[in-house]
Structure formats: structure tokens, C-alpha cells
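The values are calculated or read from the model by the stated rules, or taken from the named source; none is laboratory data. These numbers come from a predicted model, not from an experiment. Neighbour counts run over all protein chains shown; Cβ positions are idealised from the backbone, glycine included. Each accessible area value is taken on the protein alone, full model and side chains, heavy atoms only, with ligands, DNA and RNA left out. Shrake-Rupley method; radii C 1.70, N 1.55, O 1.52, S 1.80 Å.
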Amino acid sequence: MIGRRGSRFRDLVARQLELFAEDEKVLLDEAEAADAAWTQAERDETEERYGDYQLVVDAIGERLYELRESYAGRLDEEAADEYRDAFSRAAAKRYPRYASLLEEDA
């Protein structure tokens with residue numbers, strides 16, 4: 001297996017995450033707005049606003065998971081594990097709020 005810095009999937013994952021950012025811009029913007037809404041909400045609205053935020057976070061996490069697993073499913077087991085690791089690390093770095101679903105499955 002190639003070391004972390006020399007992962008053969010680094011460039012691929014970077015491109016995938018760049019496309020994800022473009023394709024899911026509306027959802028990512030919605031997450032930012034929902035985060036602002038719950039952090040600025042009045043005390044009696046905080047729980048509901050946080051629930052709204054969490055729904056968007058979960059949707060982003062699910063889409064990241066689907067992207068990762070869609071590609072990993074085309075690889076042999078060893079390569080798939082290496083790819084999942086590279087993708088999960090890069091996604092967690094770029095989207096730390098949204099990549100927790102990837103960590104749970106790793």
C-alpha cells in the first residue's frame with residue numbers, strides 16, 4: 001500500500017470533492033444558512049433550528065458517503081480500502097462538519 005502522502009487516489013479524490021462542491025452548492029449553502037439560523041435563534045427556537053441544520057448535515061454526509069461508495073464498489077477490496085481511506089481523510093479535511101458519516105463507516 002502506498003503511504004498517505006503518495007496515495008494513488010489523492011488527485012482523483014480532490015477532483016471528486018471539487019465536483020461535489022459544484023454539484024451540491026445549493027445544499028452546502030443551505031447548511032451554512034441553517035447553521036447561522038440555529039446559532040442566532042432565540043432560545044425557544046434553538047432546538048427546532050438545530051434540527052433543521054442537522055437534517056442538512058445528514059444529507060450532505062449521505063451524499064459524500066454515496067459518492068465514496070459508488071466509486072469504491074468498482075475497485076478490488078484492497079484498492080477500495082485505500083480509496084475509502086483517502087476519500088474519508090480528504091472529505092473530513094474539506095468538510096469537517098459534514099463527514100462524520102464517513103468516519104462511522106470506516
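Scan segment 18-40 for residues that are open to solvent by 100 Å² or more (accessible area, probe 1.4 Å) and modelled with pLDDT of 95 or more and report the count.
Number satisfying all stated conditions: 4.
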Subject >> Residue among Arg8, Arg15 that alone is part of a loop (DSSP other than H, G, I, E, B), open to solvent by 40 Å² or more (accessible area, probe 1.4 Å) and of a type outside the set (S, T, N, Q) >> reply: Arg8
Original post:
So which residues in segment 41-91 are part of a helix (DSSP H, G or I), closer than 30 Å to Arg8 by Cα, open to solvent by 30 Å² or more (accessible area, probe 1.4 Å) and among the aliphatic types (A, V, I, L, M)?
Top reply: Leu67, Ala90
Original post:
Cβ-Cβ below 6 Å, separation at least six or inter-chain, first residue in segment 6-25 and farther than 17 Å from Tyr95 by Cα, second of a type outside the set (Asp, Glu) and surrounded by 12 or more Cβ atoms within 10 Å (Cβ to Cβ): which pairs?
Top reply: Ser7/Ala86; Phe9/Tyr83; Phe9/Ala86
